[in-house]
Structure formats: C-alpha cells, structure tokens
Amino acid sequence: MQLVKWAHDLAESLLADSLPRRWAHSQRVYSQALTLAPALGEDAELLAAAAIVHDVGYARAAVDTGQHMIDGARYLRDEMGADPRLCSIVAFHTSSPWEASELGLDEALTEFGPAEPELVDAITYCDLTSTPAGDLADPAERLAEVLERYGPEHVVFRAVSAARPELMARVARVKRRRAEVVEAKLN
C-alpha cells in the first residue's frame, strides 16, 4: 500500500487546489479501481495507484505535449521515477492511442509500451464510470458527456468518437471479468 499512498499524496498535491474537479474525478476513479481488486489479484495495488494519478498530466507542472495521458506518464517517469508499468497504464488510459494519433504523438506514446490490455481495460472502466465531478457514471452516458463538452472540432471529440466501440468493449470485458470472479467465489 506504500505505492498507493505515494500516488495519492502526489495526485493530491498536483490536483486538489488547482484542479479540484480533476481531483474529485481522480478520487472516484481510485474508488472504482478498488472495486476491481478481486479480479486483478497482484495487480490491484498497481491499478489503484494508476487510478489516482491517471490525470496528473493536466497539472501545470506536468504539461508538455498537451496530451494529458502522455504528459502524465512522462511526469511520473521523469520527475518522480515511477514504476514503468504505472506510467504505461497512465499513458494508455481510455482514448489515449486515438488522441495521440490525432495529435501526431504516436511515437511519444510508444515510450510507454507495450500496453497491458487487462490493466488498460481496467483503468478505462474506472475512468468511464466516473464523472468529471466525481460521481458514478454510466459509461455510455460518460462518453456522450465528453463529446458534448468538447464539440466536433476538438481533437478529444474526434478521438473519443473513433475510440468509442473499443472503449465500450473494454468496459464489457471488465464487467465480464468481475462477474466471473463473483461466480467463481459462489461455486
């Protein structure tokens, strides 16, 4: 749990005062990650840590390329010496590959690969079940909210529109894994 405490303290220091809505969102993403612990086994702590820091790329200290996933991963790696797997989860979360492609940052994203599909699915599920204000969300409604917030001319709108089928598939895979774990415990 030292990793989670470190991640929590770091995210709080970067987001709580300057970006309180991001902080509220990150806290909900973290709590969602905790619900996945039984399905993740030994990677549960890593996911929890990644969940609380997944949006540190929005913090002024971390902004570099303007793509918060890559910026956060670089900050964690270069400034904080974070575990490469944690950096990878942050770099690849949610619609990152599509957004990186839109921005011409494919090569920058490869600094953190290859992505671990099960962990990317999990962080994406946690992100899409958390509103910007830190409330629980339905993933389809959350994606609709993102599209509405950014509008068709924005890179995030284009990336999320292209990524939507895969993002919903990730959510479905996580839900299926959770159900399998519950079923196994009952038998």
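The values are calculated or read from the model by the stated rules, or taken from the named source; none is laboratory data. Predicted, not measured: the structure shown is a model, and the values here were computed from it. We place every Cβ from the backbone using ideal geometry, glycine too, and count neighbours over all the protein chains shown. Accessible surface is based on the protein model in full, side chains and every heavy atom, while ligands, DNA and RNA are left aside. Shrake-Rupley method; radii C 1.70, N 1.55, O 1.52, S 1.80 Å.
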Within a Gaussian network of the chain (alpha carbon springs, distance under 10 Å), most fluctuating of A122, A49, A144: A144
Separation of alpha-carbon centers, the stretch 1-27 and the stretch 43-89, rounded to whole Å: 11 Å
Gaussian network model of the chain, springs between alpha carbon atoms under 10 Å - residue of A50, A82, A100 with greatest fluctuation: A82
Probe 1.4 Å, accessible area per residue of the chain, Å²: 47 Å²
Label-to-label distance, nm, for residues given as A16 and T65 (7 Å Cα→Cβ offset): 3.0 nm
S161 paired with K175, simple spin-label distance in nm, labels 7 Å along Cα-to-beta-carbon: 2.5 nm
Fluctuation leader among D106, D78, D121 - the chain, Gaussian network, Cα springs under 10 angstrom: D78
Rounded FRET efficiency, nearest 0.05, which uses the C-beta distance separating T110 from D83 and R0 of 22 Å: 0.75
Label-reachable residues, the stretch 66-86, where backbone N falls under 20 Å from a point 7 Å from D9's Cα toward its Cβ: 75-84, 86
Cα gyration tensor, the stretch 137-176 - rounded (a/c under 1.5), prolate or oblate: oblate
Nearest-10 value in Å² for the accessible area of W23, using the 1.4 Å probe: 30 Å²
Portion, in percent, of the accessible area of the chain that falls on carbon or sulfur, probe 1.4 Å: 53 percent
P(r), alpha carbons of the stretch 92-187 - 5 Å bins starting at zero, rounded %: 2, 13, 20, 22, 19, 12, 5, 3, 2, 1, 0
For the chain, fraction of C-alpha pairs farther apart than 26 Å, in %: 24 percent
For the chain: relative contact order, % (alpha-carbon pairs under 8 angstrom, 6 or more apart): 22 percent
Relative contact order %, the stretch 25-128, counting alpha carbon pairs below 8 Å whose residues are six or more apart: 27 percent
